[in-house]
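A short reminder: the numbers here are calculations on the coordinates, not readings from a lab. Remember, it's a predicted structure, so these values are computed and weren't measured experimentally. Because the Cβ atoms are built from the backbone with ideal geometry, glycine has one as well, and the counts that use them run over all protein chains shown.
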Amino acid sequence: MKPRPSAASLASVAGLARMGLAARHFLAPDHRAPALDVRAIVPARNEGATIAACVASLLAQCTEVVVVDDHSSDGTGEAAAGATVISLDDEPAAGWLGKPRACLAGAEGASTEWLAFVDADVVVDPVALATMAAATRATSTSIAGGLDCRSFWERLLLVELGLALVQEGLPRHFASGQCLLVRRRAYEAVHGHGHPDVRASVVDDRDLARILGGHDARLAPRLMRARMYRGLGDLRAGLVKNQAALHPRPLRHLVALLAPVASRRPWAAMVVSAGGRAVAGQNPFYGLLAPLARVGLAGLYLESRWRSRTGRPVTWKGRPIVLGRDSRRVPARFAAGKRGGGGGVPGRQRSGVVETSS
């Protein structure tokens with residue numbers, strides 16, 4: 001009698017099929033898409049090594065490019081040639097995290113039809129934003145692009161995390177903060193990143209998309225590439241910061257992560273990982289280490305859950321972040337204002353650089 005395939009093996013095959021289906025729906029560059037009236041906002045803290053390439057990829061396709069230099073110490077603002085730079089020289093007030101504060105500051109005073117929030121480690125295709133707008137009827141849309149992985153741990157863990165996300169199924173209200181395009185009027189109507197559920201969130205992209213409603217998220221490795229983390233320490237801090245909030249059902253997430261490698265046929269998980277990596281343009285040989293990657297990701301998720309439950313902070317970009325906190329206090333400088341109720345950052349423009357008062 002032939003042995004029956006295990007449930008984990010069947011799940012692995014189903015996961016590979018799901019990844020293949022996802023690849024068929026990758027968003028590709030549309031060179032016929034009409035140009036956009038869009039302000040690109042790039043929140044940046046100590047991104048001097050990447051900001052120039054990011055800005056250069058945005059300048060030709062945007063009405064405005066605004067870099068919000070969040071108290072950097074590495075010359076980030078000086079490296080953002082061609083962009084208007086807003087300098088935030090103080091620390092975020094109580095109830096705010098750095099990225100939502102920077103995004104709101106960059107959106108202040110915009111008059112364009114669209115706002116694009118782009119991470120500083122991202123390089124986009126010359127028609128990326130126009131393609132995104134042409135492909136959606138939603139209020140907001142975002143893309144998750146290709147991964148620029150250079151270290152062993154980035155290739156092992158980060159790519160496996162992306163594959164696991166596709167296999168498990170994208171979470172409800174999934175959004176990618178790497179490149180998020182929003183209709184300005186809709187953003188202002190909900191107070192944007194100044195909304196109480198967004199301004200202190202470690203997953204501000206997801207929470208903003210949920211508040212806006214009708215968000216359209218796509219996979220688009222040909223439209224964008226990003227090096228999200230630099231080495232194991234940076235990767236660990238980033239995943240610990242986000243994973244508990246992204247996956248609020250621990251049992252479901254851990255089963256999805258570990259079941260494929262806990263079966264009697266762990267080779268199936270290796271084959272699926274190798275195939276998924278090949279589809280994503282990554283080195284398939286790292287798929288042989290899929291069991292190690294899955295166990296490592298489960299450990300980081302458990303640390304994220306533990307820190308969320310105990311209030312132990314994680315350090316990100318040199319700032320301690322207490323996970324799971326919910327503060328409704330609004331700093332005076334962001335009190336409700338004329339535009340969108342989100343208020344603004346007082347500042348003055350000088351030689352293309354906006355300097356905020358401390």
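Descriptive notes on the structure:
- Here the Karplus curve 6.51 cos²θ - 1.76 cosθ + 1.60, taken at θ = phi - 60°, turns the phi angles of the stretch 157-164 into couplings of 8, 5, 5, 4, 4, x, 5, 5 Hz, with x standing for Gly and Pro.
- Once backbone amide H atoms are built at 1.01 Å from N, ALA217 has SER142 as its partners under 5 Å, excluding neighbours fewer than 5 places away on the same chain.
- With neighbours defined as other Cβ atoms within 10 Å of a residue's Cβ, the residues CYS179, CYS149 order from fewest to most as CYS149, CYS179.
- Packing order of peptides 119-130, 198-209, highest average first: 198-209, 119-130 (average count of other Cβ atoms within 10 Å over each peptide's residues).
- The stretch 220-306: C-alpha gyration tensor shape, a/c 1.5 cut-off, then a/b vs b/c: oblate
- For the stretch 91-248, the share of DSSP beta bridges that are antiparallel, to the nearest 5, is 65%.
- Length-normalised contact order of the stretch 95-182 in % [C-alpha pairs under 8 Å, at least 6 apart]: 49
- Check: the stretch 97-221 dipole with +1 on Lys, Arg Cβ and -1 on Asp, Glu Cβ, in debye: 280
- Summary of the geometry: the stretch 126-202 and the stretch 34-63, compared by the centres of their Cα atoms, lie 16 Å apart.
- Built amide H within the under 5 Å cut-off of TRP96, gap 5+: none
- By the count of neighbouring beta-carbon atoms within 10 Å, fewest first, LEU170, LEU115, LEU251, LEU156 end up ordered LEU251, LEU170, LEU156, LEU115.
- Positive-pole candidate from PRO100, GLN61, SER73, dipole of the stretch 52-154, charges at beta carbon: GLN61
- Counting other Cβ atoms within 10 Å as a rough exposure proxy, the listed residues SER140, SER273, SER57 run SER57, SER140, SER273 from fewest neighbours to most.
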